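Structure first, then comments.
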Amino acid sequence: MGKAGKALRQILEAYEISQYQLAAKMEIDRSNVSRWVSEERDPSAEAVFAINKALQTFNPQAASEFVRLYLGNDPKDG
């Protein structure tokens with residue numbers, strides 16, 4: 001558990017997007033974002049899609065980086 005949460009935490013920190021901002025953009029309660037980031041719960045597939053869509057509105061690079069981290073498409077991984 002937690003791959004999406006770990007990726008999300010990295011992106012929110014790197015791009016200085018708050019959990020509140022993301023939750024507001026997704027029209028969900030911030031506690032959901034907090035549970036993902038703290039790796040208490042994994043977001044559903046639909047939520048991952050919504051996270052990506054919301055991140056696009058803040059910074060398209062943040063969204064693509066989230067997907068790369070989540071899917072593990074890191075060229076360093078070989």
Q | Within the accessible area of the chain (1.4 Å probe), percent carbon and sulfur | A | 47
Q | Simple label model, 7 Å out from Cα along Cβ direction - Glu46 to Val67, nm | A | 2.1
Q. How large is ³J(HN,Hα), in whole Hz, for each residue of the range 42-52 in order, when computed from phi with the Karplus curve 6.51 cos²θ - 1.76 cosθ + 1.60 and θ = phi - 60°, using x for Gly and Pro?
A. 8, x, 5, 4, 5, 5, 4, 4, 5, 4, 4
Q | the chain - percent relative contact order, Cα under 8 Å, separation 6 or more | A | 35
**Q.** Residue-normalised accessible area of the chain, given per residue in Å² at a 1.4 Å probe
**A.** 63
Q) Using a 1.4 angstrom probe and counting only protein chains, how large is the accessible area of Ser18 in Å², to 10? A) 40
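The values are calculated or read from the model by the stated rules, or taken from the named source; none is laboratory data. From a predicted model like this one, the values you see are computed outputs, not experimental measurements. Methodologically, a virtual Cβ is constructed for each residue, glycine included, from the backbone with ideal geometry; neighbour enumeration extends over all protein chains shown. Only protein heavy atoms, including side chains, enter the accessible area calculation; ligands, DNA and RNA are left aside. Shrake-Rupley method; radii C 1.70, N 1.55, O 1.52, S 1.80 Å.
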